[in-house]
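Comments concern the structure below.
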Amino acid sequence: MYPQLNFLDINVPLIKKGNTFFLADPVRKKEVVAQPEEWVRQHMIHFLKEKKGFPFSYMNLEFPLKYGKLNKRSDLLVYDKELRPILLSEFKSFNVKLSNETFLQAANYNHILKVPYLLISNGFNHHIAKINFETNAILFLDEIPNYSAL
């Protein structure tokens, strides 16, 4: 039903109830309907926890943002130990190709929050950038850093 994604042996089990599939979300502490974008998000949050040391307790999903007159939501916002936002993520379905528009969507959200790391993923491709707000420089990184390095 859902493809194996590019997440280093991360296994996110599907839960079938009747004709509907769910995913156990450890951040929101509830079961959520298994949609393609949610499949990507759940894999990424498990990858961040299991492989990069990101605590679930410092993750926030569907964080509300006001962008101009529009109400938006970030897919994942991660905080440091002082509860400052440090990583903003935007996820797309595994069947959506990542584009400049995807990165611009995250960057537009980040215009509000001023988070130093932006992450976009469709489950197969992951791109992370470090933002320097003093110089307006964007540095694309080869891999997602460990939580302790942020």
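Quick notes
- On a per residue basis, the chain carries 57 Å² of accessible surface, using protein heavy atoms and a 1.4 Å probe.
- Basic side chains Lys and Arg get +1 at the Cβ, acidic Asp and Glu get -1 at the Cβ, and with that the dipole of the chain about its Cα centre reaches some 440 debye.
- Reachable lysines from residue 29, criterion Cα separation under 26 angstrom, eight or more residues apart if same chain: 16, 17, 49, 51, 52, 66, 72, 81, 92
- Tilt relative to the chain, helix 100-113 - C-alpha long axis, 0 to 90 degrees, to 10: 70
- Whole-Hz Karplus values for region 10-19 come out as 7, 10, 10, x, 8, 10, 9, 10, x, 9 Hz, taken residue by residue from phi with 6.51 cos²θ - 1.76 cosθ + 1.60 and θ = phi - 60°; glycine and proline positions read x.
- Per-atom-type breakdown for region 58-102 gives carbon and sulfur 51% of the accessible area (1.4 Å probe, protein chains only).
- Phi angles across region 141-150 convert, under the Karplus curve 6.51 cos²θ - 1.76 cosθ + 1.60 with θ = phi - 60°, into 3J(HN,Hα) values of 9, 6, 8, 6, x, 5, 3, 5, 8, 7 Hz, Gly and Pro given as x.
- For region 61-150, the gyration tensor built on C-alpha atoms gives a rounded shape. Its axis ratio a/c (a ≥ b ≥ c) stays under 1.5.
- Residue 21 long-range amide H proximity, modeled H, under 5 Å: 34
- Coordinate range of the alpha-carbon atoms in region 1-99 per principal axis, descending: 38, 33, 28 Å.
- GNM flexibility winner over the chain from 14, 65, 83 (Cα, springs under 10 Å): 83
- Here the Karplus relation 6.51 cos²θ - 1.76 cosθ + 1.60, evaluated at θ = phi - 60°, turns the backbone of region 80-87 into coupling constants of 7, 5, 9, 6, 9, x, 10, 9 Hz, with x for every Gly and Pro.
- Selection of trypsin sites (Lys or Arg not before Pro), region 1-62, meeting DSSP coil and at most 11 other Cβ within 10 Å: 29
- Between the Cα long axis of helix 36-52 and the first principal axis of the chain there is an angle of about 70°, rounded to the nearest 10.
- Cβ-defined net charge surrounding residue 23, 15 Å radius [Lys, Arg +1; Asp, Glu -1]: +1
- Cα pair distances of region 77-123 binned at 10 Å [whole percent]: 28, 49, 20, 3
The values are calculated or read from the model by the stated rules, or taken from the named source; none is laboratory data. Model, not experiment: these values are computed from the prediction. FYI the Cβ positions are ideal-geometry reconstructions off the backbone, even for glycines, and counts take in every protein chain you see. SASA here: full protein model, heavy atoms, side chains in, ligands and nucleic acids out. Shrake-Rupley method; radii C 1.70, N 1.55, O 1.52, S 1.80 Å.
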